[in-house]
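Here's the structure we're looking at; comments come further down.
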Amino acid sequence: MDIHRRHRPVHGGAGHLRPDEARVLEEWSGFAYEPVGTAPNLAAAQVWVNELPNESGPAA
């Protein structure tokens, strides 16, 4: 598995639509993706996905 972090729109749908809406942040636990926080918009979620896991501590 090479994707350890991902984001999804809070209200579902395609990830590239409605870039100003909140996103759920998820991390791979070794078994399943688990919610770890939220981001206020697509840009903030993309920054979080591309950070190193221990770079900033827990998700917001």
Some residue of the stretch 43-52 being at pLDDT below 90, in a loop (DSSP other than H, G, I, E, B) and more than 9 Å from the chain's Cα centre (by Cα): yes
Scan of the stretch 11-36 for residues that are in a loop (DSSP other than H, G, I, E, B), at negative phi and open to solvent by less than 70 Å² (accessible area, probe 1.4 Å), ordered by number: Ala14, Gly15, Pro19, Glu21, Ala22, Ser29, Ala32
Subset of the stretch 37-50 [under 14 Å from Ile3 (Cβ atoms) and open to solvent by less than 60 Å² (accessible area, probe 1.4 Å)]: Ala45, Trp48, Val49
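The values are calculated or read from the model by the stated rules, or taken from the named source; none is laboratory data. A quick note: this is a predicted structure, and the numbers were derived from the prediction, not measured. When we count neighbours, we look across all protein chains shown, and the Cβ atoms used for this are built from the backbone with ideal geometry, even at glycine. Heavy atoms of the whole protein, side chains included, go into the accessibility calculation; ligands, DNA and RNA do not. Shrake-Rupley method; radii C 1.70, N 1.55, O 1.52, S 1.80 Å.
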